Structures are given as structure tokens and as C-alpha cells.
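J.: My questions will all concern the structure given below.
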Amino acid sequence: MGYVRPVNSNSVNPAHPASPAAQASPVDDAGHVILLTTSHRVAPGLLSWTAWRALRDADEVLCADAAHPQLPYVREAGVDVKQAAPTAEELVRACAGGRTVLVIATADGDRPLTDGLARLAGTGRVAMPDLELLPGSYDLPGARLLDLVQVMDRIRAECPWLSRQTHEGLAKYAIEEAYELVEAIEDGERTELREELGDVLLQVVFHARIAEEDPDEPFSVDDVAAAIVDKLIHRHPHVFGDDTAATPEEVKEHWLRTKAEEKRRTSVTEGIPLGQPGLALAAKLASRVRTAGLDVPLPQGEGVGYALLAMAVRAESEGVDPEAALRAAARAYRDAVRAAEA
């Protein structure tokens, strides 16, 4: 927000000439208030050049919070910061004579002060200083993830239930949350999708927090994030390197090639989790076989299992996810059951 100059009784109005008293105290002499806001999710001291310049140029710098994370860095830069929580009236008086007073906003936003300034401006009886809201730092995309990590740290330390959980004990919840996410996607419910994504993210952060406590091989959520960043960059040389890819097929080729170089597997079946649902397992095996260009005949046998295997392999070859297709059919069956019960 730039300068805001509210209309007040001392403003010059051509239709109503100002009184001699008003002319003696023009609005320009009312000064300037700067409310400097910062984000606690950005490292203290990382302020914009505009913010640093305002801090240095102000006639007076105030902050009500003695523990504000920016204060040590601002003072180290040679800025004199006074701990004070002025009222709106006191702040207006401090600006008299054309002075600039900068207020470093506290975490709660100094609501009483801003409300008081708005109230004074609304009376029209006070020569108000120019009011400026100056963001000194902004949240970067993903900044709220820092809040999640901090909350998880505290819960892990203080919650009687969460503090005792292990990777093994939480494994079933990861599976449940993944299925609930898939259901939200299939339902097309945006609110549920956001919630379920959060639940899946919670599982990742929770497991990473537990992993920090391992006595032999500890790692943190930062290590998890760093590993996936490195993987993404390495597997997208057409984005971060000199390779080119103009089609989804070429992108997939890059991915499979770099993945094979990383894993150095001796079989195309390595890395396929056998615990996944049967149709998904069959489709994944068929995908690996087809991508590798292998000619592997389907095993012959009697019973529903072999018939389902053949159908899953055929679906995969036609670009259909057999697991998703069966779920869609099952949902239609569920709706038919509900209709019959009505």
C-alpha cells in the first residue's frame, strides 16, 4: 500500500477556505507513519532494500515486541530501535513537524494501533500523517511448510500418543490416507482433495520427524526434500540440462533411462512393491515388460486369477489403468445398490 492521506478538517478545500489555524498546520507537517511488516518464515535480517532504507531514514523506529526476531539484526545495522507500544494519539503526536516514525509490526499485527489510527482519521478533526504499509519480507511459495515442521516438532515432544509412534505403527495410516486421497480425486471434491493432500503430507513429515531420532541412521525432512529435489533435477535433463524433449513420450524415455542408471537393477521387476493391489501389480509388471521390449508370454492356468491377469495386461497395453477402471465400475455398482435400497 502506498501513501494514504485521509481527508480531515485541516485539508484545504476550495469550497471552504481553511481557517488561519489550519493554514498554520498544513497536512504536510503532520509527518509520516510507516508500518513495517515482516514474515517469521523468512530468516531474520533478510529484508528488502526498501525496508532497510526506510529503517535508516526514519526519525524514530519503534517496536512493541522486545523479542522480535528482526531486532538484533536491525540494531546490528546501526538502527536505534526503541521498545514502545504507542497509542494512535501518541504516534500522531510523534510525527508532528514532518517527522517519520517507523513501527516494526509485531506478530499479531498491532491491531489496537491500526484500529486507533483508522478511528482518528475517521473523525476528521485530526491532522493525520501519511500512512504507509511497507512489507519488509514476504512468504515464499511453500513457506507454510515451515509451520508444519515446527508444529510437528512440538507435538512429537509433548503429545502422549504421537510421541510414542513408530514407522511400523504408522504404516497403515499412510496406506489409508493414500486411498482417501485417491477417492477425493475420483469424487472431484476440491475441498476434500485439499484436506486429503494435507493428511498425506502429514504422514511424510511425521515419518521424517521420527527418523531424526534414529540412533544409527538419522535423517530429517530437509534430507527427504533434498533427495527428491536431486532426483527430479537428474531425471529431467530436458528441463535442467542440455537434453531436449518435445513430447510426453520423450520425457518418459528420459525418466526411464536416468532411473535405470540410478538403480542399476538386474531385473525389470525390481522395485515393484508386491503388497499393492493385485490389478495394479499386474499392470505395473506388464508396463515394465512392455517398456523393456521383452517378449514374455502370460502364464496359463485355470481360475479367475489368470483371467484377471490377462485382462489387466490387456488394459495396460491399451492405456487403461485396470485398478481405476475396476474402482469406477465398483462405484457404479454401489450406486445401483443404494438405488435398490431406496
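Each value in this text was obtained by applying a stated rule to the coordinates, not by laboratory testing. This is a predicted model, so every value here is computed, not measured. Every residue, glycine as well, gets a Cβ built from its backbone with ideal geometry; the counts of neighbours run over all protein chains shown.
J.: Using the membrane-span-like helix rule (whole DSSP H runs, Cα extent along the own axis of at least 27 Å, mean Kyte-Doolittle hydropathy at least 0.0), which helices of the chain qualify?
T.: Numbers: long enough: 167-187 (30 Å, -0.31); 190-211 (32 Å, 0.15); 322-341 (28 Å, -0.36).
Result, helices passing both filters: 190-211.
J.: Still on this structure, I have one more. Amide H to amide H under 5 Å from VAL126: which residues, 5+ apart in sequence or cross-chain, H placed 1.01 Å off N in plane?
T.: Here the answer is SER9, since their amide H atoms fall under 5 Å of that of VAL126.
J.: Let me ask something additional. Counting Lys +1, Arg +1, Asp -1, Glu -1, what net charge surrounds ALA88 among other residues with beta carbon under 15 Å of its beta carbon?
T.: Neighbour charge sum, excluding ALA88 itself: -1.
J.: Rg and Dmax of the stretch 93-204, using alpha carbons, in Å: what are they?
T.: Both quantities, over Cα of the stretch 93-204: 23.7, 68 Å.
J.: Dipole of the chain (Lys/Arg Cβ +1, Asp/Glu Cβ -1, origin at the Cα centre): which of ALA245, GLY169, THR123 lies farthest to the positive side?
T.: Value computed over the given set: THR123.
J.: Quick check on the stretch 197-342: what does the Kirkwood estimate of hydrodynamic radius come out to from the alpha carbon pairs, in Å? Don't jump to the answer; show the numbers that get you there.
T.: Working: mean 1/r = 0.0524 Å⁻¹.
After inverting the mean inverse Cα-Cα distance, the result is 19.1 Å.
J.: Take the stretch 141-215, drop everything but the C-alpha atoms, weight them equally and run the Debye formula without solvent; then report log10 I(q)/I(0) at 0.15, 0.18, 0.20, 0.21 Å⁻¹ to two decimals.
T.: Log10 of I(q)/I(0), two decimals: -0.57, -0.79, -0.92, -0.98.
J.: First select every other residue whose beta carbon is under 13 angstrom from the beta carbon of ALA54; then total the charges, Lys and Arg +1, Asp and Glu -1.
T.: On the way: positive: ARG53, ARG56; negative: ASP57, ASP59, GLU60, ASP130, GLU132.
Residues close to ALA54 contribute a combined charge of -3.
J.: With only alpha-carbon atoms counted, please give the Rg and Dmax of the chain, in Å.
T.: When restricted to the Cα atoms of the chain, Rg and Dmax are 31.6, 106 Å.
J.: If you don't mind, there's one more thing I want to ask. Magnitude of the Cβ-charge dipole of the chain, K/R +1 and D/E -1, about the Cα centre, nearest 20 debye? Write down the numbers at each step before the final one.
T.: Values: 35 positive and 55 negative charges, 103 e Å.
Dipole magnitude for the chain comes out near 500 debye.
J.: Using only the alpha-carbon atoms of the stretch 20-135, report the extent along each of the three principal axes, biggest first, to the nearest angstrom.
T.: 50, 25, 20
J.: May I pose another question? Pull up the cross-link candidates among the lysines for LYS263, meaning alpha carbon to alpha carbon under 20 Å and not fewer than 8 places away within one chain.
T.: LYS231, LYS252, LYS284
J.: Something else about it: Relative contact order for the chain: what percent, with Cα pairs under 8 Å and sequence separation of 6 or more?
T.: Details: 351 pairs, mean separation 52.9, N = 342.
Computed over the chain, the figure is 15 percent.
J.: Additional query: If the cut-off is 12 Å between C-alpha atoms, which aspartates and glutamates fall inside it for LYS82, apart from same-chain ones fewer than 8 positions away?
T.: LYS82 reaches ASP59, GLU60, ASP65.
J.: Taking other Cβ within 10 Å of each residue's Cβ, how do ASP153, ASP214 sort, fewest first?
T.: Working: ASP153 13, ASP214 10.
So the ranking, lowest neighbour count to highest, is ASP214, ASP153.
J.: Where does each of 259-265, 284-290 land if you order them by average Cβ count within 10 Å, highest first? Mind showing how you got there, number by number?
T.: Working: 259-265: 11.0, 284-290: 17.4.
Taking the mean over residues of other Cβ atoms within 10 Å, the ranking is 284-290, 259-265.
J.: If every alpha-carbon in the stretch 108-170 counts as one equal scatterer, what log10 I(q)/I(0) does Debye give at q = 0.14 1/Å?
T.: The computed values of log10 I(q)/I(0) come out as -0.69.
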